[in-house]
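Written out below as structure tokens is the structure these notes cover.
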């Protein structure tokens, strides 16, 4: 049996894994009002649970990439999904701060593998000219997972209780694994692939197999530091809304769990629109003859100027107005991050893009850990207002740092050329 366009079915599977990844990630956030009350946890303690996840997630981004290189994409995804699904299900059995922190740590170790695994799948299955679109497909699974999670999780909780909700969402990963193990093979080994598709995939394989630059050498580039620091400053905005939005709606706006299920998904839908719009906008400007530097900076700047809408959101008297302004924030953030995540490929050859992106991810995780802990401490002592005010300023500040440190967006000389130039 041969299936035309098999690569698109493969990336659709990775997209589905990303949706499940975010459902498992957000279960504790959506149920935070119930879990914190049931277990008697403070906001700071809830923040430490999320920080445990982020610590493991940050470290595992680099470790998982190495794991996938050693064991291969098929086994790598099997390990990652098994680890995070077991951790999600184990949450149902713990009833202490230390227990929740431990299972969330393990969840972070597993979930981080989804991204290097997806990037490796794209590199194996797609020619260079199709990889950006393939990456956009699987990345959209994150926002869609955030849209699906609130109503699904609330429905499960109301029907079965919060413990069984974790069991049910954890089982989704094992259902996905059955399909993955049946369908996935390397392109050169897959019996379902047509000869024409195999030829297409291998058409530029030699060009993609050049030697990559090591981390220590990449850290000589100020452009790498610009991406790392900008994401350290700005990515906490996303994690603030991903982690705290349901609890904010409950604590500060008086939303019931049912109302959270009805409305909390809307900002994440705006984020999904922003992700697709951000990539389209800069690409459209480039097709009109704009330079990459000008197109990227215009779109990134416009997004950064919209992110302070969160300052107004937390001060709005009408909850629906607040929610609408939060939609603006998450729309803008996804426009911003979609373009910033293309900068490694704008600056560096394909062989170095994964490493630079991984370093950026580590910067993002580190900044988000710090801000999540700070959020819990501030909310316990003051309110949500200072937190959302600070977050509203992070987008413009991160963008300013990015542009000042990185300079003009253009393809850089190779590492060897740069070292000779600096000699």
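Structure values in brief
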{"read-out": "Two-site label geometry, residue 410 and residue 9: point separation in nm, points 7 Å out along Cα→Cβ", "value": "4.6"}
{"read-out": "Shape call, segment 1-81: gyration tensor on alpha carbons, a/c limit 1.5", "value": "oblate"}
{"read-out": "Kirkwood hydrodynamic radius over Cα pairs of segment 215-275, then Stokes diffusion coefficient at 37 °C and 0.692 mPa s, in µm²/s", "value": "234"}
{"read-out": "Segment residue 256-residue 179, length gained on full extension (0.36 nm per residue, minus Cα span)", "value": "24.0 nm"}
{"read-out": "Compactness relative to 2.2 N^0.38 Å, alpha carbon Rg of segment 1-202", "value": "1.09"}
{"read-out": "Residue exposure sequence - 186, 297 - by fewest surrounding Cβ within 10 Å", "value": "186, 297"}
{"read-out": "Computed [θ] at 222 nm, helices only, for the chain once each DSSP H run of length n ≥ 4 contributes -39500 (n - 2.57)", "value": "-27000 deg cm²/dmol"}
{"read-out": "Pairwise label distance in nanometres, residue 291 with residue 277, each label 7 Å out on the Cα-Cβ vector", "value": "2.7"}
{"read-out": "Theoretical FRET efficiency, 1/(1+(r/R0)^6), r = Cβ-Cβ of residue 400 and residue 1, R0 51 Å, to 0.05", "value": "0.40"}
{"read-out": "Where a label projected 7 Å from the Cα of residue 96 along Cα→Cβ would reach, residues of segment 14-36 with amide N under 18 Å", "value": "36"}
{"read-out": "Share of alpha-carbon pairs per 10 Å distance bin for the chain, given as whole %", "value": "5, 22, 32, 26, 12, 3, 0"}
{"read-out": "Ranked by how many other beta carbons lie within 10 Å on average, peptides 194-202, 78-86, 277-285 from highest", "value": "78-86, 277-285, 194-202"}
{"read-out": "Mean Cβ count within 10 Å, highest first, over the residues of peptides 110-117, 310-317", "value": "110-117, 310-317"}
{"read-out": "Cα gyration tensor shape for segment 215-423, rounded if a/c is under 1.5, else prolate or oblate", "value": "prolate"}
{"read-out": "Which of 73, 234, 342 has the fewest Cβ neighbours within 10 Å, and the rest in rising order", "value": "342, 73, 234"}
{"read-out": "Using a Förster distance of 51 Å, the FRET efficiency for residue 69-residue 317 (Cβ separation, nearest 0.05)", "value": "0.45"}
{"read-out": "Tensor-based shape of segment 186-332 (alpha-carbon gyration tensor, a/c under 1.5 rounded, otherwise prolate or oblate)", "value": "prolate"}
{"read-out": "Residues 408, 74, sorted so that the one with the fewest Cβ neighbours within 10 Å comes first", "value": "408, 74"}
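FYI, it's all coordinate maths here, none of it is from the lab. None of the values given here were measured: they were computed from a predicted structure. Heads up, the Cβs are rebuilt from the backbone with ideal geometry, glycines too, and the neighbour counts pull from every protein chain shown.
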